[in-house]
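Reviewing the structure listed below.
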Ligand SMILES: *Cc1c(COP(=O)(O)O)cnc(C)c1O
């Protein structure tokens, strides 16, 4: 599938002295277009869709969704037609200034914009139902792409080289990624998830649906007031992190994770010499879109 590389593990410099060692697994670089965890989540779903001789991938996403773009890329590369149902019908009129949706379109994805109410109904909404009834051979992928096959793919984020770490950190949206990591982790490893949304305690149940292991916990204060919300401190942190480590972080997931992880280390919440691995789950494509929003609000932008 496309240009796939082996994700390197890179040592991270923090702006203070500590005996805790932090590394980042660069899964943002694993594929030339389908970045980060979405690559792993789609892998076995694409195989399944092929085996079932499906022609079209249908999925759901918000205006800046990494998942939507990943499906558009994966579809193009694997000869599927793709359809995206987008949250918010107000976007339809000005989506030309949305870099994520423009790129989806360029890759051949058919976009349908629906109201937030209809969006909540997912495949039972009237637009989705109409498409499903009219077209044969549709392979449905949930919002965020989490299902059994996605979790199976995510397990492959961990490998021989990740076995020596004490703690593994990842950003959490729907919980599919942390589920696979929890399942694939060694017995001595603990997993910390950093949810990108507020009031995310419900995710414990969602994750337990896939992982029966008791090796993970969620850091529920990492959302910066809510999904997609950012402030100046976060932007400054991401810009500084990039200068210091030559690693871009996205403002929705990995930036918040590294901000919080770094604060936890500064507050000495880990034992001395703990070896931590943070997974870079990608999302870099969202930076341009976020900068458009930041400029409108007269906030500093992501460099
Ligand atoms: C989608 C996404 C996540 C969340 O993954 P889930 O499996 O939904 O928890 C984390 N980081 C990035 C960059 C993402 O795009």
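Laboratory data are not the source of any read-out in this text; all were calculated from the coordinates shown. Keep in mind it's a predicted model, so treat the numbers as computed, not measured. Cβ: placed from backbone, ideal geometry, glycine included. Neighbour counts: every protein chain shown.
At-a-glance table
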read-out: Sequence ranges 20-31, 119-130, ranked by mean other-Cβ count within 10 angstrom, highest first; value: 20-31, 119-130
read-out: Gap separating the Cα centres of the stretch 143-203 and the stretch 236-281, nearest whole Å; value: 17 Å
read-out: Rg/Rg_ref, the stretch 128-227, where Rg_ref = 2.2 N^0.38 Å and atoms are Cα; value: 1.24
read-out: Space enclosed by the convex hull of the alpha-carbon atoms of the stretch 182-303, per residue, Å³; value: 124 Å³
read-out: Directionally averaged projected area (convex hull, Cα atoms, the stretch 1-61), nm²; value: 6.3 nm²
read-out: Principal-axis tilt of helix 286-296 within the chain, Cα atoms, nearest 10 degrees; value: 90 degrees
read-out: Distance histogram for the chain (every C-alpha pair counted, 20 angstrom bins, percent rounded to whole numbers); value: 34, 58, 8, 0
read-out: Ordering of 54-60, 272-278 by packing [mean C-beta count within 10 Å, highest first]; value: 54-60, 272-278
read-out: Per residue Cα convex hull volume in Å³ - calculated over the stretch 1-158; value: 143 Å³
read-out: Degrees, to the nearest 10: 37-51 long Cα axis against longest axis of the chain; value: 40 degrees
